[in-house]
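The values are calculated or read from the model by the stated rules, or taken from the named source; none is laboratory data. Quick caveat: nothing in here was measured; it's all calculated off a predicted structure. Counting neighbours? That spans all protein chains shown, and the Cβs are built from the backbone with ideal geometry, glycine included.
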Amino acid sequence: MNFLIITHVLHAKKKAEFFAYAPYVKEMNLWLKYVDNVTIVAPLLPNKEIRPIDIAYEHDQIDFRPIPAFNLLSIKSSLKTLLVLPIIFFRIIGAMRKANHIHLRCPGNIGLLGCVAQIFFPSKTKTAKYAGNWDPNSKQPLSYRLQKRILSTTFLTKNMSVLVYGNWKNQTKNIKSFFTATYRNTDKEAVSIRKFDGIVKFSFVGSLSKGKRPLLAVQTISELKKRTYNVRLDIYGDGAMRNELESYIEKNKLQEYITLHGNVVAESIKEVHKTAHFTILPSKSEGWPKVVAEAMFWGSLPIVTKISCIPYMLDEGNRGILIEPTVESAVAEIENVLQSEEKYQQKVESAIAWSRVYTLDTFEEELKSLL
């Protein structure tokens, strides 16, 4: 089988290996265990630094077909996009013509082109992984709405399973509720019981971008500290807001209990989840946030905004804390749990039990049926 991947994920090459963002590649490596040949159509950046959060594909038959990355953020980039779009589109068409199975990664600019191109191949077996927010009522960019419309229109999109996060009403028959996973059944081990008799540890794991709202996490912990709670926050990740966060922490003298660690390897994050009482991720948008499921797996209770499928993941708050994106809401909901260690332990136990159903073993069985 020639398995084709169409994705916007940025790639790097080192010797004969191709690297990209680890959570995405780890998932794709599971698909690639069951195919003979792999074709990847994606941006390949020259001299791109391989970061600690990048890993390589595990397959010895990869045909990588690079395409330019593009965006519409300025007049100059929009003009450049008009020039490269036909090249990208026909490169995608050419790869689809030779593929046995077409796999689209959505949402994204490249994903949108893939959604249009796949219409011309109604008889080929196809899957699309929509890794964003599938909530029909959410406000999203036009390109995202177009992808959702094309994928869920069975007149245009034939012979395709569209994998989405969460259970949504009134969906077409090709829309399938799915999940993602990090750990195996063999990773299940006893979780240490965390009490509130010492420092209460919070973690933030994610990109330091406006979409993830790391400043809200900082301000929430700062307010809890003002209310005399013995708390600390460890922040893992990097991004455009790092300087702003560093300045805020320094200006408000928060260094004693808030620390920026930058990007670290996945194994280190696992150890963080094993000891933290809470993980906080007040995002503006998510698909299936793996960091939330990973934290639950190790007994770190998630504090998350009410978006996408997160209320489903947290059982409307029975296995986590759902907040509005304000300091007042976050502090009130967290205090409600901090004041009852019994309530905290009940939520943690429910979170562990639920998250340990969604393992890589279960994931592999599901994807084999799709191939």
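Some points to look at:
- The residue that is surrounded by the most Cβ atoms within 10 Å (Cβ to Cβ), among those in region 149-158 that are in contact (Cβ under 8 Å) with a residue 24 or more places away in the chain and within 17 Å of Arg105 (Cα to Cα), is Leu151.
- From the list Ile249, Ile235, Ile221, the lone residue that is of a type outside the set (S, T, N, Q), closer than 17 Å to Thr279 by Cβ and in a helix (DSSP H, G or I) is Ile221.
- Any hit, region 133-143, residues being closer than 25 Å to Asn29 by Cα and either touching a strand residue (DSSP E or B) at 6+ places or on another chain (Cβ under 8 Å) or in contact (Cβ under 8 Å) with a residue 60 or more places away in the chain (or both): yes
- Selection from region 107-165 of residues that are over 22 Å from Ile307 (Cα atoms) and in a loop (DSSP other than H, G, I, E, B): Phe121, Pro122, Ser123, Lys124, Thr153, Thr154, Phe155, Leu156, Thr157, Lys158, Asn159
- Residue list for region 252-282, filter: closer than 27 Å to Glu49 by Cα and not in a strand (DSSP E or B): Asn263, Val264, Val265, Ala266, Glu267, Ser268, Ile269, Lys270, Glu271, Val272
- Residues within region 51-67 that are outside any strand (DSSP E or B) and either exposed (fewer than 15 other Cβ atoms within 10 Å of the Cβ) or modelled with pLDDT of 95 or more (or both), tallied: 7
- Residue within region 312-328 that is at pLDDT 95 or above, polar (S, T, N, Q) and buried (at least 16 other Cβ atoms within 10 Å of the Cβ) present: no
- Helices (runs of 4 or more DSSP H) wholly inside region 292-371 that include at least 2 residues being free of Cβ contacts under 8 Å to residues at least 12 places away in the same chain: 327-338, 341-355, 360-370
- The set of residues in region 35-45 that are outside any strand (DSSP E or B), hydrophobic (A, V, I, L, M, F, W, C) and free of Cβ contacts under 8 Å to residues at least 60 places away in the same chain contains only Leu45.
- Complete set of residues in region 101-133 that are surrounded by fewer than 19 Cβ atoms within 10 Å (Cβ to Cβ), within 12 Å of Asn159 (Cβ to Cβ) and of a type outside the set (D, E, K, R): His101, Ile119, Phe121, Pro122, Ser123, Thr125
- Residues being assigned by TED's automatic domain parsing to the domain that holds His277 and within 23 Å of the chain's Cα centre (by Cα) are represented in region 330-344 by at least one member.
- Residues of region 1-34 that are part of a strand (DSSP E or B) and either charged (D, E, K, R) or in contact with a Pro (Cβ under 8 Å, 6 or more places away or on another chain) (or both): His11, Lys13, Lys14, Glu17.
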